[in-house]
Amino acid sequence: MKNTILIVFIVATVLSCTNPKQASGAHAEAVEFIYQPTYQSSFEMGSDEKVLLIQEMHQHIINKDYDKAVSYLTDDVVFNLDNGTSLEGKESVLQFMKEAYSAVSINDYSVAVNFTVVGENDVEWVLLWDNGTIETADGQKSSYSWMEAFAFTGDKVSYLNQYAKPILATE
């Protein structure tokens, strides 16, 4: 009897893992959106290797190895930063990193969400929601949440769109 229950449990577990429609709520009714999203209805999940590249790039920034960090970028990369400015070209991004990050430390860095999507246009994006505390040389600390979207050309980042929000202390 125990063996029968164990076999039924194993079969049920395997079937639930191999039927993605059942797990994703395939029985839910279709939603008619007011605004038609351009990626939501026609994207595929991308490569976890791209997520790892973005995590490595962030690790190099945190460790102040900016030359290594920009090695993940195309020569004509475009960064649209959270403050509304845009940077064009790898050298411009390198200069920005040196000026903006050399005098601060990034502490308590963590990632809340990171995944990749590929749209109909075959552009692969890493979508990243991360958090960290910026500490200045005089000990001032400010915590932030970022939302970043990195577009890839091959295995290099060709575009960044970034948003940031300060995390207010709740003490």
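The values are calculated or read from the model by the stated rules, or taken from the named source; none is laboratory data. Here the structure is a predicted model, which is why all the values come from computation and not from measurement. Glycine also receives a Cβ, built like all others from the backbone with ideal geometry; neighbour counts cover every protein chain displayed.
When the helices (runs of 4 or more DSSP H) confined to segment 18-86 are screened for residues that are at pLDDT 90 or above and surrounded by 15 or more Cβ atoms within 10 Å (Cβ to Cβ), those reaching at least 3 such residues are found at 48-62, 66-70.
Suppose the filter is at pLDDT 95 or above and under 20 Å from residue 115 (Cβ atoms); does residue 144 pass it? Criteria not met by residue 144. Search segment 102-129 for residues being β-branched (Val, Ile, Thr) and over 14 Å from residue 63 (Cα atoms), and hand back the single one that is nearest to the chain's Cα centre (by Cα). Applying the filter and picking the extreme gives 126.
Could you count how many residues in segment 111-131 are touching a residue at least 40 places away in the same chain (Cβ under 8 Å) and either crowded, with 18+ Cβ neighbours inside 10 Å or in a strand (DSSP E or B) (or both)? Adding up the residues that qualify gives 11.
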